[in-house]
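The values are calculated or read from the model by the stated rules, or taken from the named source; none is laboratory data. Please read these numbers as outputs of a predicted model, since none were measured by experiment. As a convention, Cβ positions derive from the backbone with ideal geometry for all residues, glycine included, and neighbour counts pool all protein chains shown.
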Amino acid sequence: MAPKGLDYELLNENVKKVQYAVRGELYLRASELQKEGKKIIFTNVGNPHALGQKPLTFPRQVVALCQAPFLLDDPNVGLMFPADAIARAKHYLSLTSGGLGAYSDSRGIPGVRQEVADFLLRRDGYPSDPELIFLTDGASKGVMQILSTIIRGPSDGILVPVPQYPLYSAAISLFGGTLVPYYLEETANWGLDVNDLRNAVSQAKSKGITVKAMVIINPGNPTGQCLSEANLSEILRFCYQEGLVLLGDEVYQQNIYQDERPFISSKKVLMDMGPPYSKEVQLVSFHTVSKGYWGECGQRGGYFEMTNIPPKTVDEIYKVASISLSPNVPAQIFMGLMVNPLKPGDISYEQFIRESKGVLESLRRRARIMTDGFNSCRNVVCNFTEGAMYSFPQIRLPPKAIEAAKSAGKVADVFYCLKLLEATGISTVPGSGFGQKEGVFHLRTTILPAEEDMPAIMESFKKFNDEFMEQYEDHKGYSRM
Ligand code: DCS
């Protein structure tokens, strides 16, 4: 019989090329083991609530009232909900055209986009135009919307950091473009060297690829570094010289665990640089409700802001967004609440601050426990997690382990992570899923397990690693740094 429409051999080849390690082989094996009754610690996804982080009370109260507006008519509503939550729910309902069950404008509710613009003005000190802000179902959808608009075919290149979060490699494959890697330097605290960027672009050009965009992830995933203002302005100058649009993935802007380099947005640095840069460099920045002390991954809320993007292009992006009718409306309310939080004097303010500070301070301690735990192993080297939600230690593997992996038909870090999973239940993602230099091995784990469980997890990791090394170590040294 001739193959039918959705038969594998007839599928879009780009779909087959997509790889997404965060939910890859390790995750599938972990899910199997869980079904068999083994206790699994899922540190493969930055999914805070799945690892016990409690939702912030106030936003949930507001959205609960928006979801069940009949409660607002109940004479006892004031006994169940604080007055500021009631007022906020009424505010958001008044911005919708028929409550949470109605589609919104395809760019998102205008009133919420205005709240995002007000937030950006407060954050950066520069006005922001709500017409250039689109609300999305998580940052992922926004990134995909923009990449699909940019990529015409395999000769369009996108500069992507390596290691990178595989949304970028996966989406570029899906849309049939070409990923042009630039390497972050592990020994320089995952910094980036603009000369490497120039080399990457000229190498791509020599292969007939037009580089059109550059992605930065700040703070980095999986690498955790926070870019300095000087670094950001070098990057923006480079984008100006090369005519690239900068895609600034800033979803971890609340997750900062050091005080030397607070988060600074690409938009602020660009505006501070003044003309011609501030008038000409094209920038799209992304944010989400999934990270920070919100961690509301399941709500699927995000936005992107466009700077110096021509109006005709904005219209095209709007047109394509319209095909999906409307971003998720409850998530838009979460976004509104995130960018327009409670203020001193509000009834729920103290509780909100207590809850949000509690999450961030604990994450800061967990980042430290994890990095120190990894660095206490003789063959593991780990940069401190300055930001984001991950630890990305380098595991230096002895030749015998690399050989054993080869015989098992596995990449060496996949082999190591599978053994770790079987021995301890800790489900990580091998470094190869994010890209890494040849012959160098890593794993990624989130810093999200409960703080009280952290010492036991690190102990269990160390015990596994010691036993692994005992089994495979010989005296021929390790894989290189
Ligand atoms: N950008 C980066 C750098 C991310 O790490 C993630 C999610 C996203 C965008 C998309 O998030 P939302 O679509 O939820 O807004 N990070 C994944 C990860 O590495 N682990 O968990 C999810």
Can you name every residue in segment 148-189 that is away from the ligand (no atom under 12 Å from the Cβ) and closer than 17 Å to Leu283 by Cα? Ser148, Thr149, Ile150, Ile151, Gly157, Ile158, Leu159
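Residues are listed down the side, and each one gets a yes or a no for (1) in contact with a helix residue (DSSP H, G or I) (Cβ under 7 Å, 6 or more places away or on another chain); (2) modelled with pLDDT of 95 or more:
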{"position": "Gly208", "(1), (2)": "no, yes"}
{"position": "Met214", "(1), (2)": "yes, yes"}
{"position": "Asn218", "(1), (2)": "no, yes"}
{"position": "Gly224", "(1), (2)": "no, no"}
{"position": "Ser228", "(1), (2)": "no, no"}
{"position": "Cys239", "(1), (2)": "no, yes"}
{"position": "Leu247", "(1), (2)": "yes, yes"}
{"position": "Tyr252", "(1), (2)": "no, yes"}
Does at least one position in segment 394-414 carry a residue that is closer than 23 Å to Asn189 by Cα and assigned to a helix (DSSP H, G or I)? yes
Selection within segment 432-481 - at pLDDT 90 or above and among the basic types (Lys, Arg): Arg444, Lys462, Lys463
Take Lys54 and decide whether it is in contact with a Gly (Cβ under 8 Å, 6 or more places away or on another chain), away from the ligand (no atom under 14 Å from the Cβ), part of a loop (DSSP other than H, G, I, E, B) and touching a residue at least 40 places away in the same chain (Cβ under 8 Å). no
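If you scan segment 297-325, which residues turn out to be in contact with a strand residue (DSSP E or B) (Cβ under 9 Å, 6 or more places away or on another chain) and either more than 16 Å from the ligand (Cβ to nearest atom) or among the charged types (D, E, K, R) (or both)?
Arg300, Glu305, Met306, Thr307, Asn308, Ile309, Thr313, Val314, Ile317, Tyr318, listed by residue number.
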Out of the residues in segment 349-377 meeting the condition of being in contact with a Ser or Thr (Cβ under 7 Å, 6 or more places away or on another chain) and crowded, with 18+ Cβ neighbours inside 10 Å, tell me which one is nearest to Ser104 (Cα to Cα). Ala367
Regarding segment 65-84, can at least one residue be identified that is under 25 Å from Ser140 (Cα atoms) and in contact with a Cys (Cβ under 6 Å, 6 or more places away or on another chain)? no
Residues located in segment 247-296, provided they are within 12 Å of the ligand (Cβ to nearest atom), farther than 15 Å from Ala331 by Cα, in contact (Cβ under 8 Å) with a residue 40 or more places away in the chain and in a loop (DSSP other than H, G, I, E, B): Val251, Tyr252, Asn255, Gly292
Across segment 160-185, what is the total count of residues that are assigned to a helix (DSSP H, G or I) and aliphatic (A, V, I, L, M)? 5
Can you find a residue in segment 342-365 that is in contact (Cβ under 8 Å) with a residue 40 or more places away in the chain, closer than 13 Å to Thr223 by Cα and of a type in the set (Val, Ile, Thr)? no
